[in-house]
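Quick one: the structure is below, and I'll ask about it shortly.
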Amino acid sequence: MNRLTQLALLVGIVILGFSPSRIMAQDDDLYSFNVEEFTKKTWEWKGEISASATAKIFNKESLLYSVKFPNRDQNQASEFNLQVSLESRWDWEWSRLFLAGEANLLRSSLEDADAENTFLREGYWQISQLDPHNVEIGKRLLRWGKGYAFNPVAFLERAKNPEDPEASREGLWIVQGIWIPGGFSVFDNSSVNLVYLPVRDDLNDDTLTVLEEEIFWGIKVYALIGTTDIDLYYVQKSEQGELDRGFDFSSNITSNFEVHGEYAVNHTDELEFQTTLLGLRYLTNNDVTWIVEGYHDSSGLTKDESKALFELINSSPTSAAKKILSQIQQRKTLNQNYGYLKASVKEPFNWLYFTPAVAWLVNLDDSSVNVNTQLAYTPVSNWVFQTSWQHLSGESVTQYGENSVQNKLEVIVTYSF
Amino acid sequence: MKNLIHHLKRRTTAAGAMLSLLLLPLGLYAQQTPQEWLVTIDRSLNPPQFESYRKLINIEPDGSKKEFVLFTLKQDKEKVAALFLSPASEKGRTTLRVGDNMWLYIPNVGRPLRITSLQSVTGGIFNNSDILRVDYQTEYSAQTVKETDEKGPSGSHLLQLNLKAKSGSVAYDKLEMMIDPKLKSPVKIRAYTVSGLLIKTLYFKKVTDFGQGIKRPAVVETDSPLHKGYKSVMIFAKMKPRKLASEVFTTDYMGRIETLR
């Protein structure tokens with residue numbers, strides 16, 4: 001789908017969507033409940049508009065800074081971003097259509113950094129006749145795995161960014177069949193997903209690094225055993241004759257303590273890489289939620305290899321250095337071992353509607369650190385005010401120590417409608 | 001003589017039957033065991049399988065409110081799914097409970113995440129186990145029942161049913177359920193921790209006939225000595241029996257619960 005069509009689709013949804021009936025009246029009577037307002041309609045939609053202002057302070061000592069700004073004339077940059085996202089659903093009983101799109105406008109104090117883009121995040125058609133089983137065709141984000149910051153088993157989707165794990169991601173064009181055995185199953189809860197993902201010119205070719213033409217077949221088998229969710233994954237690449245396998249689990253040890261993990265084996269040519277994740281979530285009595293995760297990827301660089309890569313940037317001519325920089329920036333993780341820790345507190349010290357959180361992302365190979373401190377305030381329904389401060393630090397020739405941005409301050413206002 | 005004996009026997013039997021009928025209401029309360037009362041309350045609060053709409057209101061000490069609207073489905077004793085319909089920022093979020101397992105599905109963020117009974121997807125005094133309430137008999141054993149001096153909405157003396165959690169994974173260790181025996185409905189439930197600390201009190205109000213044999217309180221309010229001045233309210237509407245396939249209560253179906261409205 002080209003950009004013009006996507007933009008037209010998005011604008012269409014906005015124009016058709018604004019109707020007076022969506023503006024809800026406030027109930028004066030505490031117990032009144034106009035339930036008819038919430039009965040199902042053939043067409044329903046929702047949207048979100050968010051405006052953010054960002055200040056970036058550069059690390060002028062960084063190798064990447066000197067590649068990005070050869071004249072070394074920038075100390076900081078400010079950006080303004082406007083994002084509109086819309087989701088729409090049509091339900092004709094026999095089938096359903098889902099569309100979710102996003103439009104972004106970026107204005108920056110840096111030259112040539114302004115940008116505008118619109119894209120279809122997800123758009124798929126679902127056949128309801130087979131309900132509760134299901135067949136879906138279109139652009140879909142599969143969301144495989146149990147991890148919060150990392151997902152080793154997410155073989156058929158765009159990688160999650162551990163710096164911002166909750167950011168929305170664009171789906172891939174697939175055909176998916178879901179079979180839920182229900183009463184026939186020996187497990188409390190189970191399902192089987194079969195996925196067909198073709199790679200062609202202009203179709204899924206920007207994400208999965210494979211041959212020009214490829215067909216991925218994926219299968220996911222899920223079962224709930226007691227209080228443990230278990231998934232098994234198997235992905236076959238038809239043209240290359242390669243396969244990826246993996247499993248994940250998630251279990252509640254107690255009512256406030258959950259453990260999860262993922263393991264994936266990726267086969268590339270004659271090599272084999274293992275990726276592992278282990279994590280936990282813990283809710284304390286005073287409403288602090290802790291998320292801790294450890295991640296290992298054997299295909300990542302060792303400390304010496306990444307050091308050599310940074311030194312290569314330093315010694316390469318600008319064009320070659322920019323190419324290496326681009327490769328580094330495309331990777332969500334550079335080295336083999338990472339640790340993630342996030343603590344969020346619900347309304348501490350009786351600060352109503354405030355949720356402060358701190359997330360530490362640590363490159364365990366080079367000991368560089370990426371800390372993100374957030375404060376979210378939700379005084380009224382549908383409004384979220386957020387501020388965040390991201391600080392990256394580390395020795396020279398380390399991942400976060402060499403990042404061109406050292407500090408990032410951001411204020412975001414989001415309104416849902 | 002034989003006829004006289006037969007006649008007397010018949011009259012005695014009839015009088016006995018009459019007396020039994022007269023004493024039946026009293027006998028019912030007296031004869032029901034604590035466990036039988038628990039089953040009666042569960043069935044009085046909702047049919048085994050149903051759908052309903054709920055409005056949840058969190059009220060802060062300054063009077064400000066936050067409202068949520070949920071569409072709820074329940075099957076058997078321990079399967080519940082709830083879909084957020086409002087506010088717009090929460091629309092599409094789905095929670096599922098199967099026994100001790102609870103998941104939250106956020107359409108944009110990702111796949112179903114495990115959540116715990118002590119957390120609250122809406123904030124406020126109601127926690128996840130209150131919002132995704134399964135039958136009380138699934139989580140609690142009824143221990144004792146006794147009549148109190150307090151009178152209920154029907155004018156009858158309230159019964160106090162004491163419940164104890166079956167396992168440590170249950171949100172409250174002990175419940176004191178005050179029952180109006182005539183309405184067969186709880187009027188008030190006090191929830192305690194293992195150490196005997198009162199966590200919250202639930203008040204059941206506005207007994208309403210929803211039709212198809214469902215007559216239950218349409219409003220549940222709660223407050224907590226741990227959060228003085230705060231109050232949460234749950235209002236039920238359009239509760240009706242509904243049979244569903246067991247496949248609906250699976251994590252893979254969470255994204256499609258909204259199609260069942």
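The values are calculated or read from the model by the stated rules, or taken from the named source; none is laboratory data. Since we're looking at a predicted model, the values are computed, not measured. Reconstructed Cβ throughout: ideal geometry from the backbone, glycine too, with neighbour counts over all protein chains shown.
Could you check, for the stretch A:180-197, whether at least one of its residues is part of a strand (DSSP E or B), surrounded by 15 or more Cβ atoms within 10 Å (Cβ to Cβ), more than 11 Å from every other protein chain (Cβ to nearest Cβ) and among the small types (Gly, Ala, Ser)?
No, the conditions are met nowhere in the stretch A:180-197.
What are the residues in the stretch A:51-68 that are crowded, with 17+ Cβ neighbours inside 10 Å and assigned to a loop (DSSP other than H, G, I, E, B), if any?
A:ASN59, A:SER62, listed by residue number.
Another question about this same structure. Can you find even one residue in the stretch A:242-264 that is modelled with pLDDT under 90 and more than 23 Å from B:GLN119 (Cβ to Cβ)? Show your work before the answer.
As a first pass, look at the stretch A:242-264 and keep what is modelled with pLDDT under 90: A:242-243, A:252-257.
After this cut, where a residue has to be more than 23 Å from B:GLN119 (Cβ to Cβ) as well, the list is A:242-243.
Yes, some residue in the stretch A:242-264 is modelled with pLDDT under 90 and more than 23 Å from B:GLN119 (Cβ to Cβ).
Restricting attention to the stretch B:168-202, and to residues there that are in a loop (DSSP other than H, G, I, E, B) and touching a Lys or Arg at 6+ places or on another chain (Cβ under 9 Å), which single residue is nearest to B:GLN35 (Cα to Cα)? Give the derivation first.
If we filter the stretch B:168-202 for residues that are in a loop (DSSP other than H, G, I, E, B), which is where we start, we get B:168-173, B:181-184, B:193-197.
Next cut, touching a Lys or Arg at 6+ places or on another chain (Cβ under 9 Å) only: B:172-173, B:183-184, B:193-194, B:196.
Details: B:TYR172: 18, B:ASP173: 17, B:LEU183: 17, B:LYS184: 14, B:THR193: 21, B:VAL194: 21, B:GLY196: 22 Å.
The residue in question is B:LYS184.
Out of A:ARG143, A:ARG121, report the one residue that is closer than 25 Å to A:GLU48 by Cα, out of contact with any strand residue (DSSP E or B) (no Cβ under 8 Å at 6 or more places or on another chain) and within 12 Å of chain B (Cβ to nearest Cβ). Outline the logic, then answer.
On the way: A:ARG121 fails: out of contact with any strand residue (DSSP E or B) (no Cβ under 8 Å at 6 or more places or on another chain).
Of A:ARG143, A:ARG121, the one residue that is closer than 25 Å to A:GLU48 by Cα, out of contact with any strand residue (DSSP E or B) (no Cβ under 8 Å at 6 or more places or on another chain) and within 12 Å of chain B (Cβ to nearest Cβ) is A:ARG143.
Considering only residues of the stretch A:211-227 that are within 22 Å of the chain's Cα centre (by Cα) and not aromatic (Phe, Trp, Tyr), which is nearest to the other protein chains (Cβ to nearest Cβ)?
By that ranking, first place goes to A:LYS220.
Being within 14 Å of chain B (Cβ to nearest Cβ) and either surrounded by 15 or more Cβ atoms within 10 Å (Cβ to Cβ) or not in a loop (DSSP other than H, G, I, E, B) (or both) is true for just one of A:VAL413, A:VAL371. Which residue is that? Can you show your working first?
Values: A:VAL371 fails: within 14 Å of chain B (Cβ to nearest Cβ).
Sole residue among the options that is within 14 Å of chain B (Cβ to nearest Cβ) and either surrounded by 15 or more Cβ atoms within 10 Å (Cβ to Cβ) or not in a loop (DSSP other than H, G, I, E, B) (or both): A:VAL413.
Look at the stretch A:385-404 and say how many of its residues are in a strand (DSSP E or B) and buried (at least 20 other Cβ atoms within 10 Å of the Cβ). Talk me through it step by step, then tell me what you get.
So in the stretch A:385-404, the residues in a strand (DSSP E or B) come out as A:385-393.
Now drop any that are not buried (at least 20 other Cβ atoms within 10 Å of the Cβ), which leaves A:390, A:392.
Looking only at that region, the number is 2.
Report whether or not B:ASP130 is under 27 Å from A:PHE257 (Cβ atoms) and more than 11 Å from chain A (Cβ to nearest Cβ).
Working: under 27 Å from A:PHE257 (Cβ atoms): yes; more than 11 Å from chain A (Cβ to nearest Cβ): yes.
Judged against the criteria, B:ASP130 is a match.
Looking at the stretch B:236-261, I want the residues that are at the interface with another protein chain (Cβ under 7 Å from one of its Cβ atoms) and over 24 Å from A:PHE187 (Cα atoms) and have a partner that is of a type outside the set (Gly, Ala, Ser) and in a helix (DSSP H, G or I) with Cβ atoms under 7 Å, at least 6 apart or on another chain. Which pairs are those?
What qualifies is B:ALA237/A:VAL35; B:LYS238/A:VAL35.
Here's something else I'd like to know. Name every residue in the stretch A:87-136 that is of a type outside the set (S, T, N, Q), exposed (fewer than 15 other Cβ atoms within 10 Å of the Cβ) and closer than 24 Å to A:GLY177 by Cβ, in order of residue number.
A:TRP92, A:GLU93, A:TRP94, A:TRP125, A:LEU130
Quick one: which strands (runs of 3 or more DSSP E) lie wholly within the stretch B:46-112 and hold at least 1 residues that are over 24 Å from A:ASP248 (Cβ atoms) and in contact with a Pro (Cβ under 6 Å, 6 or more places away or on another chain)? Walk me through how you get there before you give the answer.
On the way: elements: B:50-59, B:65-75, B:79-86, B:94-98, B:101-105.
Result: B:50-59.
Scan (1) crowded, with 21+ Cβ neighbours inside 10 Å; (2) facing chain A (nearest Cβ under 10 Å); (3) within 26 Å of B:ILE125 (Cα to Cα) for the single condition B:VAL219 breaks and write down its number.
Result: B:VAL219 fails condition (1) only.
Among what's in the stretch A:304-347 and is part of a strand (DSSP E or B) and in contact (Cβ under 8 Å) with a residue 60 or more places away in the chain, pick the residue that is farthest from A:PHE69 (Cα to Cα). Steps first, please.
First, the residues of the stretch A:304-347 that are part of a strand (DSSP E or B): A:335, A:337-345.
Restricting the remaining residues to those that are in contact (Cβ under 8 Å) with a residue 60 or more places away in the chain gives A:335, A:338, A:340, A:342.
On the way: A:ASN335: 25, A:TYR338: 29, A:TYR340: 31, A:LYS342: 33 Å.
Restricting to residues being part of a strand (DSSP E or B) and in contact (Cβ under 8 Å) with a residue 60 or more places away in the chain, the top hit is A:LYS342.
Here's another thing I want to ask about it. Kindly indicate whether any position in the stretch B:110-125 is crowded, with 19+ Cβ neighbours inside 10 Å, more than 25 Å from A:LEU283 (Cβ to Cβ) and out of contact with any strand residue (DSSP E or B) (no Cβ under 7 Å at 6 or more places or on another chain).
No, the conditions are met nowhere in the stretch B:110-125.
Of the conditions (1) within 14 Å of chain B (Cβ to nearest Cβ); (2) surrounded by 15 or more Cβ atoms within 10 Å (Cβ to Cβ); (3) not hydrophobic (A, V, I, L, M, F, W, C), A:ARG245 clears all except one; give me its number.
(1)
To continue, here is another question. So B:SER64 ticks every box in (1) within 14 Å of another protein chain (Cβ to nearest Cβ); (2) of a type in the set (Ser, Thr, Tyr); (3) in contact with a strand residue (DSSP E or B) (Cβ under 7 Å, 6 or more places away or on another chain) but one. Which box is left unticked?
Failing condition for B:SER64: (3).
Next up: Restricting to the stretch A:395-414, name every residue that is modelled with pLDDT of 95 or more and in contact with an Asp or Glu (Cβ under 7 Å, 6 or more places away or on another chain).
A:THR414
Being within 7 Å of another protein chain (Cβ to nearest Cβ) and of a type in the set (Lys, Arg) is the filter here; which residues of the stretch B:50-61 pass it?
B:LYS55
Could we say that B:GLU90 is acidic (Asp, Glu), over 18 Å from B:PHE249 (Cβ atoms) and without any contact (Cβ under 8 Å) to a residue 60 or more places away in the chain here? Walk me through it before giving the result.
On the way: acidic (Asp, Glu): yes; over 18 Å from B:PHE249 (Cβ atoms): yes; without any contact (Cβ under 8 Å) to a residue 60 or more places away in the chain: yes.
Spelling it out, B:GLU90 is indeed acidic (Asp, Glu), over 18 Å from B:PHE249 (Cβ atoms) and without any contact (Cβ under 8 Å) to a residue 60 or more places away in the chain.
Continuing with this model, one more query. If B:VAL80 satisfies all but one of (1) of a type outside the set (Phe, Trp, Tyr); (2) out of contact with any Asp or Glu (no Cβ under 6 Å at 6 or more places or on another chain); (3) within 13 Å of another protein chain (Cβ to nearest Cβ), what's the number of the condition it fails?
Here B:VAL80 clears every test but (3).
Which one is surrounded by the most Cβ atoms within 10 Å (Cβ to Cβ) among residues in the stretch A:256-294 that are β-branched (Val, Ile, Thr) and touching a residue at least 40 places away in the same chain (Cβ under 8 Å)?
The initial filter retains those residues of the stretch A:256-294 that are β-branched (Val, Ile, Thr), namely A:259, A:265, A:268, A:275-276, A:284, A:288-289, A:291-292.
Applying the additional criterion that residues be touching a residue at least 40 places away in the same chain (Cβ under 8 Å) yields A:275-276, A:288-289, A:291-292.
On the way: A:THR275: 23, A:THR276: 17, A:VAL288: 14, A:THR289: 18, A:ILE291: 21, A:VAL292: 18.
Across the stretch A:256-294, the extreme among qualifying residues is A:THR275.
Give me the residue from the stretch B:235-261 that is of a type outside the set (Val, Ile, Thr) and touching a Lys or Arg at 6+ places or on another chain (Cβ under 6 Å) and, out of that set, surrounded by the most Cβ atoms within 10 Å (Cβ to Cβ).
Filtering the stretch B:235-261 for residues of a type outside the set (Val, Ile, Thr) gives B:236-247, B:249, B:252-256, B:258, B:260-261.
Restricting the remaining residues to those that are touching a Lys or Arg at 6+ places or on another chain (Cβ under 6 Å) gives B:236, B:249, B:261.
Working: B:PHE236: 23, B:PHE249: 26, B:ARG261: 16.
Looking at residues that are of a type outside the set (Val, Ile, Thr) and touching a Lys or Arg at 6+ places or on another chain (Cβ under 6 Å), I get B:PHE249.
Residues that are touching a Ser or Thr at 6+ places or on another chain (Cβ under 6 Å) and not aromatic (Phe, Trp, Tyr), at least 3 per element: which strands (runs of 3 or more DSSP E) completely within the stretch A:84-170 meet that? Give the derivation first.
Values: elements: A:95-108, A:115-127, A:134-140.
Passing ranges, in order: A:95-108.
Would you check which residues across the stretch B:93-126 are in contact with a helix residue (DSSP H, G or I) (Cβ under 9 Å, 6 or more places away or on another chain), farther than 23 Å from A:SER190 by Cβ and more than 7 Å from chain A (Cβ to nearest Cβ) and list them?
Of everything in the stretch B:93-126, those that are in contact with a helix residue (DSSP H, G or I) (Cβ under 9 Å, 6 or more places away or on another chain), farther than 23 Å from A:SER190 by Cβ and more than 7 Å from chain A (Cβ to nearest Cβ) turn out to be B:SER120, B:VAL121, B:THR122.
So, one more: Check whether at least one residue in the stretch A:101-112 is acidic (Asp, Glu) and without any contact (Cβ under 8 Å) to a residue 24 or more places away in the chain, and report yes or no. Quick ask: steps written out before the conclusion?
First, the residues of the stretch A:101-112 that are acidic (Asp, Glu): A:102, A:111-112.
Keeping just the survivors that are without any contact (Cβ under 8 Å) to a residue 24 or more places away in the chain gives A:111-112.
Yes, that holds for at least one residue.
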